[in-house]
1. Out of everything in region 54-70 that is without any contact (Cβ under 8 Å) to a residue 60 or more places away in the chain and in a loop (DSSP other than H, G, I, E, B), what residue ends up being surrounded by the most Cβ atoms within 10 Å (Cβ to Cβ)?
2. With (1) in contact (Cβ under 8 Å) with a residue 40 or more places away in the chain; (2) aliphatic (A, V, I, L, M); (3) in the same structural domain as L26 (by TED's automatic domain parsing) as the list, and L110 as the residue in question, which single condition is left unmet?
3. Kindly list the number of the only condition in (1) within 60 Å of the chain's Cα centre (by Cα); (2) more than 20 Å from R60 (Cβ to Cβ) that fails for Y116.
4. Search region 127-156 for residues being more than 21 Å from L71 (Cβ to Cβ) and of a type in the set (D, E), and hand back the single one that is surrounded by the fewest Cβ atoms within 10 Å (Cβ to Cβ).
5. Name every residue in region 71-88 that is part of a loop (DSSP other than H, G, I, E, B) and either surrounded by fewer than 19 Cβ atoms within 10 Å (Cβ to Cβ) or free of Cβ contacts under 8 Å to residues at least 40 places away in the same chain (or both), in order of residue number.
6. Check T339, T296, T356 and return the single one that is of a type outside the set (A, V, I, L, M, F, W, C), over 22 Å from Y427 (Cβ atoms) and out of contact with any strand residue (DSSP E or B) (no Cβ under 6 Å at 6 or more places or on another chain).
7. Taking region 278-309 as the region of interest, how many residues are under 21 Å from N359 (Cα atoms), at pLDDT 85 or above and not in a helix (DSSP H, G or I)?
8. Run down F37, F12 and say which single residue is in a loop (DSSP other than H, G, I, E, B) and aromatic (F, W, Y).
Amino acid sequence: MRTQMPHSPAPFPPNEDERALSLEHLGVLDSAPEKEFDDIVMLASTWCEVPVALVSLVDRERQWFKACVGLDVKETHRDLAFCAHAILAPADVLIVEDATLDSRFQNSALVLGPPYIRFYAGAPIIDDSGHALGTVCVIDTKPRTLTEQQRTALLALARQTASLLQLRLLKYQREHRSEILEKELSQAKALNKLTEESLHHARRISSLGMVTASIAHDFNNILQALSASLQMIRLRARRPGDVEQFSETGLQAVDQGRQLVSHLLRSVRRDSPNLVCIDVNARLEGMRDVLLRTATESVELALDLSAPNTVVMCEEAQLNAAVLNLLTNARDALGVAGTIRISTRLVFVEDDASLTGGNYVVLSVSDSGTGIPSDLAAKIFEPFFTTKERGKGTGLGLSQVREFAENAGGSVRVNTAPNKGTVVSLYLKALGRIDSAINPT
């Protein structure tokens, strides 16, 4: 009577830990079926003319089938795996012509029972590091062998399977990286939105500070005119006519201050500017007394208003502030005494790079001072630029003037030369005449 010997499992390869880690790194174990691997076993079964073909991956304790034809199981214990023997010699195909005659397998449960393996051939799947991860193998229930062509084809299919595993890993890594990039992009967009909101808020705070500083600058000019009027009232209190005149001038200055404060409040509330149609000549005539007080008695102030009944769209408080700014700068440029001339004229503009074609009211303030050097003239409209001594100027007056001109649809220009005085001209888009439309001809 023959005594049945126990089955002996295959030993581990010398590099088992590294080999198992390489397999696990692929992330393929227990994955869903994929057509590319199903094609491999279909070709192996067809070329080798066998009923069973597998893509078998040898894990630490099992062999798991990535693709299978002819069997209904997905894995077996590693101790029973023919493939565990095949990966011990990764350079060649392991061929077992009759398992019942091979001492390694004759007592295996897979030989003595279902699926009654007799023939086995396995070509190792080798990764880029030289690790044998499993096999492309074929199985039959009767003894047989492989032709040389079939052996070569099985090796080719094993190499193709190794390439598919690497391609699968690269695809997964690309998709994973794409998900990370999409997440990072989403986070970047959210951060960019937050940054834009913060920047918008910072700009608004900066703009509000500019408006506040500019209005404070303009308000100081108004206070000077008011102070001058009140001083004259005190000196001439016994002459009722003079008191009435100077009181009216002071009240005008107070009204302009009220308009400036209203402008500041609108800026805080984000209201639209209080744009109205203004007859520039009429507004300057109404400011005459305030202008005279601002210029002071040592300065000869002349008004030459040649654009009667012509309106522009602007904010009255800004127009008043712009004129007072230009007048104050002109007065300061004179030093002790001199002449300042405020004039208006109507011009038709065409072929101008900085202005659209049409009619403009040109409001100019000229002085007989020493002029401005050319290198400084290019900077005078920049915010916070000033040539005055520290504490005597904010550098915001002319910046506000330029902003006003641009808001009124035009621009500001300066004409100056050493010892020839300075002319600052505001080009304000004319809407038309109050009594009739402007005729460009």
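The values are calculated or read from the model by the stated rules, or taken from the named source; none is laboratory data. Please read all numbers here as calculations on a predicted model, not as lab measurements. Note that we place each Cβ from the backbone using ideal geometry, even for glycine, and neighbour counts take in every protein chain shown.
1. For region 54-70, the residue satisfying everything is D59.
2. The number of the failed condition is (1).
3. With (1) within 60 Å of the chain's Cα centre (by Cα); (2) more than 20 Å from R60 (Cβ to Cβ) applied to Y116, the lone miss is (1).
4. E148
5. The first filter runs over region 71-88 and keeps only residues part of a loop (DSSP other than H, G, I, E, B), leaving 71-74, 81-82, 87-88.
Listed by number, the residues that qualify are L71, D72, V73, K74, L88.
6. Working: T339 fails: out of contact with any strand residue (DSSP E or B) (no Cβ under 6 Å at 6 or more places or on another chain); T356 fails: over 22 Å from Y427 (Cβ atoms).
Unique residue meeting the criteria: T296.
7. Initial filter on region 278-309 (under 21 Å from N359 (Cα atoms)): 278-284, 304-309.
Narrowing the set further to residues that are at pLDDT 85 or above leaves 278-284, 304-306.
After this cut, where a residue has to be not in a helix (DSSP H, G or I) as well, the list is 278-279, 304-306.
Total meeting the criteria: 5.
8. Details: F37 fails: in a loop (DSSP other than H, G, I, E, B).
Step by step, each of F37, F12 is checked, and only F12 is in a loop (DSSP other than H, G, I, E, B) and aromatic (F, W, Y).
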